[in-house]
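Take a look at the structure set out below.
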2 protein chains.
Amino acid sequence: MAYRTTPQRLDRDQQLRQHILGCALQRVVQGGFAALTMQALAEDAGIATGSLYRHFANKGELSAEVFALASQREIDALGAVLQGPGSPAERLRDGLRLFAARAWHSRRLAFALIAEPVEEAVDHQRLRYRQAYAGLFEQLLEQGRAAGQFHYPALRITAACLVGAIAEALVGPLAPHQEHPRADAQLALLSHSVSHFCLSALGADLSILESQS
Amino acid sequence: MAYRTTPQRLDRDQQLRQHILGCALQRVVQGGFAALTMQALAEDAGIATGSLYRHFANKGELSAEVFALASQREIDALGAVLQGPGSPAERLRDGLRLFAARAWHSRRLAFALIAEPVEEAVDHQRLRYRQAYAGLFEQLLEQGRAAGQFHYPALRITAACLVGAIAEALVGPLAPHQEHPRADAQLALLSHSVSHFCLSALGADLSILESQS
């Protein structure tokens, strides 16, 4: 019988692809992109390495998809807060707290997404997702200016400054080789310092840093 | 006669190595790391590709050295201003103006250093040089706090925020595929916006933005 691409077969392919991506994400959560080898992944997924290559041409392509999957989750989580209830300044404060806490509690993944040296294909995704983060902040900045809470000379440049400041502040504390205390107090200081920096940069009222979200 | 490594030979090797690095830097200035191929470089340097590999094991190693060479120049230029005369806030303002202007006038190189998708070996250098930038800002932040000009909760996190904000703000305007006006007015807006963001973030007096350096 001739080989045919039936709807059932496409479904199974799609399911297997999702299964592989899920296993790949787990490897990155545990050990960053350095831990994502095709052979180890095939073992995790319970398939032959050859089958793996039928779904992903190479490690770069696979890594780029895992990067997109994980980054989209972060974007969605942050977006829900930035576009949620509260004043623009409160939403920025709460979004930064959430972002820092998520990174802190999944620091190997966060470092992998923000700064781990990776293949070019993943660097391309990094640039693309940083644009997506900037887009979220642009919306909030416009709302904050309209509400008289934020003050800045140029929208896009300011959004980029926010994205960069937040990402870079997390790189050091998250670096896997870094010796650092893992106490909650450290997260509180990180979160407070980044929020203080960003809210000050926008000329926002800092008194909201003292109140709970 | 047996081959011997004489001092003269070491000198010549060193000179050839510097010549190759100079040619490689020129390629990156013109077209980023994407334009740095071993074959084209050998032609530029007027040597055989085989000789090139005697000095640099692969493109990653070569790129990493070019990255270090170019980054060190930027660090030195910025450091001279940040550690020069003037109050801490004035030095920050002037340093940011210089940094933005240097990037603006050599934008292909600046994008290559800050954000071009590259080999892992170059990403490692990026992390290292961002530490060096953070070190420069830490010194300045301490002086600014001592002078009562800067206000921030945590030194290292704040220095990282500055590094990230500045680098990210430049990524968009410098991206080689980006359609953007190249007018001097654009540089002035970029420079002003980044300075405004950073000085505000530190609680510094913004009136110095109106005066000339």
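The values are calculated or read from the model by the stated rules, or taken from the named source; none is laboratory data. Quantities reported herein were computed from a predicted structural model and do not represent experimental measurements. Cβ atoms come from the backbone with ideal geometry, glycine included; neighbour counts cover every protein chain shown. The accessibility values were calculated without ligands, DNA or RNA, using every heavy atom of the protein model including side chains. Shrake-Rupley method; radii C 1.70, N 1.55, O 1.52, S 1.80 Å.
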**Request:** For A:Gly148, state whether it is at positive phi and modelled with pLDDT of 95 or more.
**Result:** yes
**Test for B:Arg17: is it over 30 Å from B:Ala103 (Cβ atoms), of a type in the set (Lys, Arg) and loosely packed, with under 15 Cβ neighbours inside 10 Å** = no
**Message:** Take the conditions at positive phi and surrounded by 18 or more Cβ atoms within 10 Å (Cβ to Cβ) and apply them to A:Gly32. Does it pass?
**Reply:** yes
**Message:** Being closer than 30 Å to B:Leu199 by Cβ and surrounded by 14 or more Cβ atoms within 10 Å (Cβ to Cβ) is the requirement here; does B:Leu92 meet it?
**Reply:** yes
**Test: residue in the stretch B:175-185 that is more than 7 Å from every other protein chain (Cβ to nearest Cβ), under 17 Å from the mean Cα position of the chain (by Cα) and either open to solvent by less than 50 Å² (accessible area, probe 1.4 Å) or of a type in the set (Ser, Thr, Tyr) (or both)** = yes
**Request:** From (1) polar (S, T, N, Q); (2) within 16 Å of A:Cys198 (Cβ to Cβ); (3) part of a helix (DSSP H, G or I), pick out the condition that doesn't hold for A:Gln131.
**Result:** (2)
**Fill in**
Conditions (1) in contact (Cβ under 8 Å) with a residue 24 or more places away in the chain; (2) surrounded by 15 or more Cβ atoms within 10 Å (Cβ to Cβ) -> B:Leu41 fails only (1)
**Prompt:** Within the stretch B:60-71, can you find the residues that are crowded, with 18+ Cβ neighbours inside 10 Å and not aromatic (Phe, Trp, Tyr)?
**Reply:** B:Leu62, B:Ser63, B:Ala64, B:Glu65, B:Val66, B:Ala70, B:Ser71
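Do you know which residues across the stretch A:44-59 are hydroxyl-bearing (Ser, Thr, Tyr) and open to solvent by 50 Å² or more (accessible area, probe 1.4 Å)?
Scanning the stretch A:44-59 gives A:Thr49, A:Tyr53.
Here's the yes/no breakdown for (1) in a helix (DSSP H, G or I); (2) at pLDDT 95 or above; (3) closer than 23 Å to A:Arg130 by Cα; (4) over 22 Å from the mean Cα position of the chain (by Cα):
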{"residue": "A:His19", "(1), (2), (3), (4)": "yes, yes, no, no"}
{"residue": "A:Gln26", "(1), (2), (3), (4)": "yes, yes, yes, no"}
{"residue": "A:Ala57", "(1), (2), (3), (4)": "no, no, no, yes"}
{"residue": "A:Gly60", "(1), (2), (3), (4)": "yes, no, yes, no"}
{"residue": "A:Ser63", "(1), (2), (3), (4)": "yes, yes, yes, no"}
{"residue": "A:Val66", "(1), (2), (3), (4)": "yes, yes, yes, no"}
**Request:** Kindly indicate whether B:Arg126 is in contact with a Leu (Cβ under 9 Å, 6 or more places away or on another chain), surrounded by fewer than 23 Cβ atoms within 10 Å (Cβ to Cβ) and more than 9 Å from chain A (Cβ to nearest Cβ).
**Result:** no
**Asked** Looking at A:Arg108, A:Arg91, A:Arg73, A:Arg126, which one is closer than 25 Å to B:Ala175 by Cβ and in a helix (DSSP H, G or I)?
**Response** A:Arg126
**Complete:** Log entry, pairs with first residue in the stretch A:187-213 being more than 7 Å from chain B (Cβ to nearest Cβ), second being basic (Lys, Arg) and surrounded by 24 or more Cβ atoms within 10 Å (Cβ to Cβ), beta carbons closer than 8 Å, six or more apart or on different chains, reads A:Ser195/A:Arg93; A:Leu199/A:Arg93; A:Ile208/A:Arg93; A:Leu209/A:Arg93; A:Ser213/A:Arg93
**Asked** Of the residues B:Ser191, B:Ser195, B:Ser207, which is in a helix (DSSP H, G or I), buried (at least 23 other Cβ atoms within 10 Å of the Cβ) and hydroxyl-bearing (Ser, Thr, Tyr)?
**Response** B:Ser195
**Prompt:** Which ones in the stretch A:96-138 are of a type outside the set (D, E, K, R) and under 15 Å from A:Gly79 (Cβ atoms)?
**Reply:** A:Leu96, A:Leu98, A:Phe99, A:Tyr129, A:Gln131, A:Ala132, A:Tyr133, A:Ala134, A:Gly135, A:Leu136, A:Phe137
**Request:** For A:Arg102, state whether it is on the phi < 0 side of the Ramachandran plot and in contact with a Gly (Cβ under 6 Å, 6 or more places away or on another chain).
**Result:** no
**Asked** Has the stretch B:158-171 got at least one residue that is surrounded by fewer than 23 Cβ atoms within 10 Å (Cβ to Cβ) and assigned to a helix (DSSP H, G or I)?
**Response** yes
**Among (1) crowded, with 23+ Cβ neighbours inside 10 Å; (2) of a type in the set (Val, Ile, Thr); (3) within 14 Å of the chain's Cα centre (by Cα) - the single one B:Val118 does not satisfy** = (3)
**Prompt:** Of the residues B:Leu140, B:Leu78, B:Leu109, which is under 20 Å from B:Thr37 (Cα atoms), touching a residue at least 12 places away in the same chain (Cβ under 8 Å) and more than 14 Å from chain A (Cβ to nearest Cβ)?
**Reply:** B:Leu109
